[in-house]
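Accompanying notes for the structure given below.
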Amino acid sequence: NAGVTQTPKFQVLKTGQSMTLQCAQDMNHNSMYWYRQDPGMGLRLIYYSASEGTTDKGEVPNGYNVSRLNKREFSLRLESAAPSQTSVYFCASSFGHSYNEQFFGPGTRLTVL
Amino acid sequence: QQQVKQSPQSLIVQKGGISIINCAYENTAFDYFPWYQQFPGKGPALLIAIRPDVSEKKEGRFTISFNKSAKQFSLHIMDSQPGDSATYFCAARANSGSRLTFGEGTQLTVNP
């Protein structure tokens, strides 16, 4: 099992460009999450999907959109990238039941110039 | 607004020493408190977790101490090793779902 995979690993964008970060999991998990990690701020939840067909905003959703394409895949889209979106983005998944562990992907390092 | 406050931001310990990382929370609806460990260039991974019905949980060299009345919990790493050098995040989950709220992270360096 590959676990949680993310593409791309690195990306450089110019201000105003758009892009989609891809995430897939092969653990038959119900819930999926997108986080951003910034120095001194920990992991902040952008959006999550408790189950296939549902998505909800997290702490920092502005400037992002998500799509839960199917049970395996959960994508994050930046419509018009801004320098403030320079960060490391992590996708995670879990069964979604109480006390379930979240499994994280390897991350995407995004720089917006 | 950070609902889980973590300290210190960075910690340097000698090999064989004890590493202690502290977290505090305000939301009394939190009922699950995991710690995640992250190595450079990798995603975080679950290290150990505790529920508030116990005051301590130990797994090998790693122990969580939980003080419900003070709304604080801490991670103790006994006999710290250079291989423990990583960033550690505390987190908390409210009983209404599967979302986690993370602390700011602590970068631990264990010198040989």
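Tabulated values for the structure
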item: Residue that is within 24 Å of B:K5 (Cα to Cα), of a type in the set (G, A, S) and out of contact with any Asp or Glu (no Cβ under 9 Å at 6 or more places or on another chain), where the choices are A:G105, A:G58, A:G42; result: A:G58
item: Filter result (open to solvent by 10 Å² or more (accessible area, probe 1.4 Å) and either at pLDDT 95 or above or of a type outside the set (A, V, I, L, M, F, W, C) (or both)) within segment B:94-112; result: B:N95, B:S96, B:G97, B:S98, B:R99, B:T101, B:E104, B:Q107, B:T109, B:N111, B:P112
item: Contacts under 9 angstrom Cβ, first residue in segment A:29-48 being more than 7 Å from chain B (Cβ to nearest Cβ) and touching a residue at least 24 places away in the same chain (Cβ under 8 Å), partner of a type in the set (K, R) and in a strand (DSSP E or B), 6 or more apart; result: A:M32/A:R68; A:Y35/A:R44; A:R36/A:R44; A:Q37/A:R44; A:D38/A:R44; A:I46/A:R36; A:I46/A:K57; A:Y47/A:K57
item: B:T63 open to solvent by less than 70 Å² (accessible area, probe 1.4 Å), more than 24 Å from A:D38 (Cβ to Cβ) and free of Cβ contacts under 8 Å to residues at least 60 places away in the same chain; result: yes
item: Flag if B:S69 is surrounded by fewer than 16 Cβ atoms within 10 Å (Cβ to Cβ), within 23 Å of B:E26 (Cα to Cα) and over 13 Å from the mean Cα position of the chain (by Cα); result: yes
item: Test result for A:A92, open to solvent by less than 30 Å² (accessible area, probe 1.4 Å), not β-branched (V, I, T) and not in a strand (DSSP E or B); result: no
item: Hits in segment A:72-113 (condition: more than 11 Å from the chain's Cα centre (by Cα), among the charged types (D, E, K, R) and more than 28 Å from B:Q37 (Cβ to Cβ)); result: A:E79
item: Members of segment A:8-23 found to be farther than 19 Å from A:V60 by Cα, under 15 Å from the mean Cα position of the chain (by Cα) and away from chain B (no Cβ under 14 Å), listed by number; result: A:P8, A:Q11
item: Residue in segment B:35-45 that is away from chain A (no Cβ under 14 Å), surrounded by fewer than 21 Cβ atoms within 10 Å (Cβ to Cβ) and out of contact with any helix residue (DSSP H, G or I) (no Cβ under 7 Å at 6 or more places or on another chain) present; result: no
item: Residue match in segment A:96-110 (condition: free of Cβ contacts under 8 Å to residues at least 24 places away in the same chain and over 20 Å from B:G97 (Cα atoms)); result: no
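The values are calculated or read from the model by the stated rules, or taken from the named source; none is laboratory data. A quick note: this is a predicted structure, and the numbers were derived from the prediction, not measured. Every residue, glycine as well, gets a Cβ built from its backbone with ideal geometry; the counts of neighbours run over all protein chains shown. Quick note on the areas: whole protein, heavy atoms, side chains included, nothing else; ligands and nucleic acids left out. Shrake-Rupley method; radii C 1.70, N 1.55, O 1.52, S 1.80 Å.
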